[in-house]
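Trainee: Let me give you the structure first, and then I'll get to my questions.
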Amino acid sequence: MLHRRRQRPFGRARSAPHRSLVTLAVAATTAAIALGGVTSPASADPAGSLAVGTAKCDGASHPEPGIQGDVPAAQRDSGATRTGYSCNMRRIGAYTGHGGGITSTSIGSCAYMGSLFPNSLVGPAAGVQVIDASNPARPRHSATLTAPAMLAGTWESLKANRRSELLVGTGVPALFGAGLMAVYDVSDCAAPKLLNPEVGGTAAPLPISAHEGGFSPDGRTYWASGLGPGFLSAVDLSEPSRPRVLWQGLTGLSTHGIGVSADGNRLYLASNFGGITVWDVSAVQRRYRNPQVRRLAELTWTDGCATQHSVPVTYGGKQYLFTVDEGGSGGVKLIDVSTPTRPRIVNKLKLAINLRQNVDSATASSAGGGVFAYESHYCAADRPANPTALACGWFSSGIRVVDVRDPFDVREIAYYNPPARTGQESSLSNSPHALLSVAGVPLLSVPAVLQSLASGQFDPGQARSSRTGRVMGDLSTDWCASPPEWRGRQLWATCADNGFQVLELSASAYTPPPDQQSTVGS
């Protein structure tokens, strides 16, 4: 994680000897990567007791006023959050529509806004909205996808693959779904074509359970995972018009999202109890007859739960995961999977608001804000090999970008927390955040309270602030849950209330690597 020395303000003058030492350190790190990976230094923080270094914001920024990642109660109550917060990142275009659903995706010059059941059945936001962003400053709605799976609500299943140029979503009405899958040709991304009207719909459902899902990197296999029990299915898309189940099995009591290695032979399955399991899926990847899937290892933890998904990366050819916890204070874990039977946590990436000593602050500011507070959700690396930056949707903390050139010495370089859409619930029928607000159920932020109780530092008096009177889903912040997707210095991000947004990092904060390969849809 973060070495204490990185807490100094950026731009502080260094002495000539210090510059020499830094030059040597950078050269050593570069050499280590070239020779087969990076070695965890003493500054790594597998215990998760430190926050990533804070960014130095440029003059065009509007920095957050509290500790890193926090949106203080006073700012929420005063309405100050309606202007949002930014550091080295600005919004250059947006399409809000009726909200961004739970998770969305993009490919080429288009974005696809996930659908939310039951509002997906009626009204102006029925189905999945297609956004043509060929002009990033003026994204526009170009089509609506209304296959049964799209109308049933796509939850976290909507994924695109750039190699096969396919878009897939499964029907998930409320946490759970079964049977419905839609496969679209998105070679003309603004006008997708449904390929499987006969298979995967109401007339001929597939024997799958649904909540989450994702592609193998080559786009030939879509992995559909159910929330509970942990039913996993490998769906063959070699003939996209006739998807078929190659393999399926019960992998645990409750599973979540996935990550797949670059060669398609390893699958990293998230557990809602906090952890991952590693699976050998090479027989599916190679299309063996009656393929067998083998469980290789399990890794669990207690500082986060509802583990969301994993982003496979390599440093100098050595395999790692950035694995994200949706619940609690787990943040993003760096996991060494170079020996697949012995995965191990070697670093953790957390914002200051996720640290144990800031539990009371997190509870006080997020209380009444709904089911989610300051949790990480989906991340994307700017390239799979030797990534230089990781961008994450971090719910009420917005879009966060960290420098991961050295994954053991990480600092934040930019963030964008979009304007609060307070009072606009009625126009956001496709936002889960707004839907909960309309429901009007008084509730403390569930993750914040669970985090407080688990840490032994819960202070009921502190939690009983003005925030506790707010309704569940209070729109004093947005929920940014989708993976921010890389386009050079641009990030295409979708948040629940603000919808699709084109963000641009400042040139001083981030320079895309010359060989950057977007991880969108991979």
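The values are calculated or read from the model by the stated rules, or taken from the named source; none is laboratory data. This structure is a prediction, so every number in the text was calculated from the model and none was measured. Quick reminder, even Gly has a Cβ in these numbers, built from the backbone with ideal geometry, and neighbours come from all protein chains shown. The area values use the complete protein model at the heavy-atom level, side chains included, leaving out ligands, DNA and RNA. Shrake-Rupley method; radii C 1.70, N 1.55, O 1.52, S 1.80 Å.
Trainee: Leaving out same-chain residues fewer than 8 places away, which lysines sit with a Cα under 25 Å from that of Lys56?
Mentor: Those lysines meeting the cut-off are Lys333, Lys348, Lys350.
Trainee: Moving on to the next point. Calculate log10 I(q)/I(0) of the range 167-290 for q = 0.10 Å⁻¹, where I(q) comes from the Debye formula with a single equal point scatterer on each Cα and nothing for solvent.
Mentor: Once normalised to I(0) and log-transformed, intensities are -0.29.
Trainee: Taking each pair of distinct Cα atoms in the range 116-192 once, what is the resulting Kirkwood hydrodynamic radius in Å?
Mentor: Working: mean 1/r = 0.0781 Å⁻¹.
Evaluated on the range 116-192, it is 12.8 Å.
Trainee: Count the net charge of all other residues whose Cβ sits under 14 Å from the Cβ of Glu239, scoring Lys and Arg as +1 and Asp and Glu as -1.
Mentor: Details: positive: Arg220, Arg242, Arg244, Arg287; negative: Asp185, Glu198, Asp236.
Charge balance near Glu239 sits at +1.
Trainee: Same structure again: If we count every other residue with Cβ under 14 angstrom of Glu485's Cβ, Lys/Arg +1 and Asp/Glu -1, where does the sum land? Each step should come with its number before you reach the end.
Mentor: Values: positive: Lys159, Arg162, Arg383, Arg487, Arg489; negative: Asp382, Glu504.
Residues near Glu485 contribute +3 overall.
Trainee: I've got another one for you. Please report, to two decimal places, log10 I(q)/I(0) for the range 358-399 at q = 0.22, 0.24 Å⁻¹ as given by the Debye formula with identical point scatterers on the Cα atoms and no solvent.
Mentor: Normalising to I(0) and taking log10 leaves -0.73, -0.79.
Trainee: Run the simple label-point estimate for Ser142 and Gln357 please: 7 Å along Cα→C-beta, distance reported in nm.
Mentor: 5.0 nm
Trainee: In sequence order, what are the phi-derived ³J(HN,Hα) couplings for the range 162-174 according to the Karplus relation 6.51 cos²θ - 1.76 cosθ + 1.60 with θ = phi - 60°, rounded to whole Hz, with x for glycine and proline?
Mentor: My calculation for the range 162-174 gives 6, 6, 8, 6, 10, 10, 10, x, 10, x, 9, x, 7 Hz in order.
Trainee: Can you give the net charge of the other residues whose Cβ lies under 15 Å from the Cβ of Ala190, counting K and R as +1 and D and E as -1? Before the final figure, lay out the partial values.
Mentor: Numbers: positive: Arg138, Arg140, Lys193; negative: Asp132, Glu165, Asp185, Asp188.
Neighbour charge sum, excluding Ala190 itself: -1.
Trainee: For the range 301-349, go through all pairs of different Cα atoms, get the mean of 1/r, take its inverse, and jot down that Kirkwood value in Å. Kindly include the intermediate steps, with their values, before the conclusion.
Mentor: Numbers: mean 1/r = 0.0917 Å⁻¹.
Across the range 301-349, the inverse of the average 1/r is 10.9 Å.
Trainee: Still on this structure, please answer the following. So what does Leu355 come to for accessible area, using a 1.4 Å probe and Å² rounded to 10?
Mentor: 10 Å²
Trainee: Another one. When N counts the residues of the range 162-213, how does its alpha-carbon radius of gyration compare numerically with 2.2 N^0.38 Å, as a ratio? If you can, show how the numbers build up before the last one.
Mentor: On the way: Rg = 11.6 Å, N = 52, 2.2 N^0.38 = 9.9 Å.
Dividing the Cα Rg of the range 162-213 by 2.2 N^0.38 Å gives 1.18.
Trainee: Would you mind giving the average projected area, over all directions, of the Cα convex hull of the range 223-297 in nm² with one decimal? If you can, show how the numbers build up before the last one.
Mentor: Numbers: hull surface 19.5 nm².
Projected over every direction and averaged, the Cα hull of the range 223-297 covers 4.9 nm².
Trainee: Follow-up question, since we're still on this one. Work the Kirkwood hydrodynamic radius out for the range 259-317: mean of 1/r over every pair of different alpha-carbon atoms, inverted, in Å. The partial results should precede the final answer.
Mentor: On the way: mean 1/r = 0.0806 Å⁻¹.
It is 12.4 Å.
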